[in-house]
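The structure under discussion appears below in the form of structure tokens.
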Amino acid sequence: MNLDIHPAVQEGDDMVLDEDDAADFPFQDYRARALATISQLARDLVSDDDRQTQHAASRLKDMVLSTNQLQRLHQDCIGEIDGALTGLIFAARNGNATTQYHACLTLAQLAWSHDQNSFRIPEVPGAPDVLAAVLLTATNDRAKEYAAVTVGNCGANSSAAAEKLVQSENLMAALASVIRQRQSARLQETAALALKNCCSNGEPTAFTVARNQELLSTILDLARNEDNLRLQSMGLGAINCLSRSYRAAPILRRSNVVEDVLWPFLAAAVDDRHELMVLTITCAIVNLSASQEDEQVFAQWAGSKAGMKCVGDLVHCLGLALNDGRWQNVSFSVHSVMYPLHNLLRTCPHADHVLLENNVVEHLDQLFRDAVHATRDMETLELGVKATRCLCRDAAAQVRMRKIDLVASLQRTFALLDPARGWRLQPEELIVARRIVAEAKEIISELFESVVTLWMGHHVRLGGASLLRLIDVDCLMMVSDLAFYQDRTDWNSDTSMLS
């Protein structure tokens, strides 16, 4: 669950640059002019003249705060120019308070929803240490805020950037210090969200954060903070992100996170304001369940009214994630929902009926159908087929799968995973692809073995002395349809089958 922090949302008093110029010139001409302007500004950023540096930082800030027509173009151009990002880091380190503010806001906006810039910024030599210094020593609180926003946006958009950022001891110590100081509520919340965003992006990043005792203590303190609901939500969100890491999860278990933090919150959460946090905690608990006793405790809660609502919300969020929707102003990656959903299906069969009532089969079918259009994500596809395989234990789920022809969607996935016809897979991806195909073939076998067995009983040679041979073919067809392709709820409404 990620929030890409948009600096312009907090910024309401800055000019928009060159909007008329874009209307007056063809696109390529305007782009060439923009590149030339940015190249000059990049040189000015490292000038010995403080006024020139401040002017250059201010001009670049105005460019990235353009309206949507020019915003992406300016983001692309500044990221492409050699020296522009280096110059902004230089200005953030050496400039006066105003220059630092302009430079940090520009960096934050450059990283907003821009994967390439999010990757490039932490790669600038010394960038993480400069952001750490701004967070700790800047006299302008807005500069501190935008330094934290830069970290959060880079961490949200690029797993490589997140890994680079969390490996910086100075930057992580600075974030933890800002969160603990509690001088400015907005700065504290922005730093906490930046830390949570970094936790969310990749297994190596989550493990690095979890084994950093200072960071883990900071996250647990946030999760226990009952005085500030936003901070508590970010702490719980970070725990949920870490729980999806197979190496970070054991560290959380040893810290007694489930017993000391998560279950106490669930027991006390009775307000609608806690709805998102309850879902977050539920995902973390099911991810961290490591023993039969843990699973039994969770299954008991999942059977309660609050638990069933939360399970329904989880499936709802999967549908939103597949369709780029948001729930309570939060966007979800498909992987962040599929991971706990698979664990829920694996450990809690009693929740199957709630999942089916909330159309989990249809959402899984969409996951496979949309794979051809989506960014290649082998891990999420594997979670999808494993979750589907778990659901096959339920006869009603099998009926639903046959009814919507989930097999056709799985077969399209086979084509994508075939190196000769589909994606060009790396060697490590080929290993995952083979596991996915093997799991999917088992699903197809389970869906049709009962149907095939029934009709084998009617076959002249295979049926032998089976009494099914006495049944008329049309009658057996109706039995097969009712048994394997019709929901029980359809029986009363579909009277034509019985007439």
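The values are calculated or read from the model by the stated rules, or taken from the named source; none is laboratory data. Please read all numbers here as calculations on a predicted model, not as lab measurements. With ideal geometry, Cβ positions are generated from the backbone for all residues, glycine too; neighbour counts draw on all protein chains shown. With ligands, DNA and RNA removed, areas are computed over all heavy atoms of the protein, side chains included. Shrake-Rupley method; radii C 1.70, N 1.55, O 1.52, S 1.80 Å.
I need the per residue convex hull volume for region 120-263, using only the alpha carbons, in cubic angstrom as a whole number.
Working: hull volume 12.6 nm³, N = 144.
In region 120-263, the Cα convex hull volume per residue is 88 Å³.
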Surface per residue (accessible, 1.4 Å probe) for region 173-319, Å² = 41
If you find the alpha carbon centre of region 205-244 and of region 337-387, how far apart are they in angstrom?
-> 26
Net dipole in debye of region 169-256 [+1 Lys, Arg Cβ; -1 Asp, Glu Cβ; about Cα centre; nearest 20] = 160
Electrostatic dipole magnitude of the chain [Cβ: Lys, Arg +1; Asp, Glu -1; Cα centre; debye, to 20] | 1080
Helix-derived [θ] at 222 nm for the chain: sum -39500 (n - 2.57) over DSSP H runs of at least 4, divide by residue count, nearest 500?
-> -22000 deg cm²/dmol
With label points set 7 Å from each Cα along the Cα-to-Cβ direction at K309 and A185, the distance between them in nm comes to 2.6
Return the distance in nm (one decimal) between the two label points of a simple spin-label model at S466 and H350, each offset 7 Å from Cα along Cα→Cβ.
-> 3.8
Over the Cα atoms of region 109-205 the radius of gyration and the largest Cα-Cα distance (Dmax), both in Å, equal 11.9, 35
Folded to 0 to 90 degrees: helix 427-456 orientation relative to the chain principal axis, Cα | 20
Apportionment of accessible area to carbon and sulfur, region 112-165, percent (1.4 Å) | 48
Using a simple spin-label model with points 7 Å from Cα along the Cα→Cβ vector, what separation in nm is obtained for R393 and D115?
-> 3.6
For q = 0.06, 0.10, 0.11 Å⁻¹, Debye-computed log10 I/I(0) when each Cα of the chain counts as one equal scatterer | -0.36, -0.85, -0.97
Taking max minus min of the Cα coordinates of region 175-246 on each principal axis, largest first, gives extents in Å of 34, 19, 17
Which residues in region 128-168 have a backbone N closer than 14 Å to a point placed 7 Å from the Cα of Q426 along the Cα-to-Cβ line?
-> 159-161
Can you pull out the cysteines in the chain that have no other Cys Cβ under 4.7 Å?
-> C77, C104, C154, C198, C283, C310, C317, C348, C390, C392, C475
Could you tell me which GluC sites (Glu not before Pro) in region 153-242 are loop residues by DSSP with no more than 10 other beta carbons within 10 angstrom of their beta carbon?
-> E226
One finds, for E203 and R93 with R0 = 35 angstrom and r their Cβ-Cβ distance, a FRET efficiency to the nearest 0.05 of 0.65
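Over region 324-389, what percent of the accessible surface lies on carbon and sulfur atoms, probe 1.4 Å?
Solvent-exposed carbon and sulfur of region 324-389 make up 45 percent of the total.
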Where only C-alpha atoms are counted, convex hull volume of region 32-182 per residue in Å³ | 96
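If R0 is 51 Å, what FRET efficiency do you get for Q300 and R434 from their C-beta distance, rounded to 0.05? Mind showing how you got there, number by number?
Values: r = 38 Å, r/R0 = 0.74.
Plugging the Cβ-Cβ distance into 1/(1 + (r/R0)^6) gives 0.85.
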